[in-house]
Amino acid sequence: MKTDDLIRSLAADTPPRAASPDRLFQVALAAAVLVAAALFFATLGPRTDIGQAAQSVRFLFKFAVTGALAAAAFHLVRRQARPGAGTGGAARMLGLVPVLLAAGVALELAAVPPGDWAARLVGTNAAVCLTFIPLIGAAPLALFLLALRAGAPTRPAAAGAVAGLVAGGIAAAFYAAHCTDDSPLFVATWYGLAIMGLTVAGALGGRLFARW
């Protein structure tokens, strides 16, 4: 057999390469945003006064926190899916998100009289928040766990937890457009609890489905 014929024969017998983990995560992110958007608009939709609310720093701060969470966690989980990839820088980026939230809470406590702190924290939509952030984030979490399964995370439970943070950030960003409770006190408490639920679910899912 001639060399050229041998090369062509080997190439024909070689199975096509699977998509890279980075590519899979990009596809998962796009699909997660589309699915979350579809569910959000089918169930809740934006608040009726969103135009006026968009002029408020408190309202915009909700998107700064949730967007930063989704972006930083997504950067980290992509690296966790590749053995040997450094995660220190991405983990530090994620660690800045609670610092940002804490700064918002501190400014809120300084701006609001102490007698109003409890009302701002409790708000009026806690039950809706705890219901719809996990509901909107469930499908995105499943998509990110599938992407993790195609990778090779050395700590699947930790990677799954970060996938839950990505899903929670995306879901919370959509929910924030509906929620009329704009205080950072409310966001830190109820958004935090809802996202924590997705994080725990992600850790369990990563442990069960992303092992290799």
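Would a scan of the stretch 192-200 turn up a residue that is assigned to a helix (DSSP H, G or I) and in contact with a Cys (Cβ under 7 Å, 6 or more places away or on another chain)?
yes
Please specify each residue of the stretch 190-211 satisfying the condition of being hydrophobic (A, V, I, L, M, F, W, C) and open to solvent by less than 40 Å² (accessible area, probe 1.4 Å).
Selection gives 194, 195, 198, 203, 210.
What helices (runs of 4 or more DSSP H) lie completely within the stretch 18-96 and have 1 or more residues being more than 19 Å from the chain's Cα centre (by Cα) and closer than 14 Å to residue 137 by Cα?
Ranges flagged: 21-43.
Only one of 30, 42, 19, 37 is modelled with pLDDT of 60 or more and in contact with a helix residue (DSSP H, G or I) (Cβ under 8 Å, 6 or more places away or on another chain). Can you tell me which?
It is 37.
For the stretch 37-71, give me the residue count where each residue is of a type in the set (Gly, Ala, Ser) and crowded, with 22+ Cβ neighbours inside 10 Å.
1
Among what's in the stretch 72-90 and is surrounded by 16 or more Cβ atoms within 10 Å (Cβ to Cβ) and of a type in the set (Gly, Ala, Ser), pick the residue that is nearest to residue 103 (Cα to Cα).
Step by step, filter the stretch 72-90, then rank; the result is 72.
Right, residue 152: in a helix (DSSP H, G or I) and either at pLDDT 95 or above or not aromatic (Phe, Trp, Tyr) (or both) or not?
Against the criterion (in a helix (DSSP H, G or I) and either at pLDDT 95 or above or not aromatic (Phe, Trp, Tyr) (or both)), residue 152 does not qualify.
The values are calculated or read from the model by the stated rules, or taken from the named source; none is laboratory data. Predicted model only: the values in this text are computed from it and were never measured. Glycine gets a Cβ as well: all are built from the backbone with ideal geometry, and neighbour counts include every protein chain shown. Accessible surface is based on the protein model in full, side chains and every heavy atom, while ligands, DNA and RNA are left aside. Shrake-Rupley method; radii C 1.70, N 1.55, O 1.52, S 1.80 Å.
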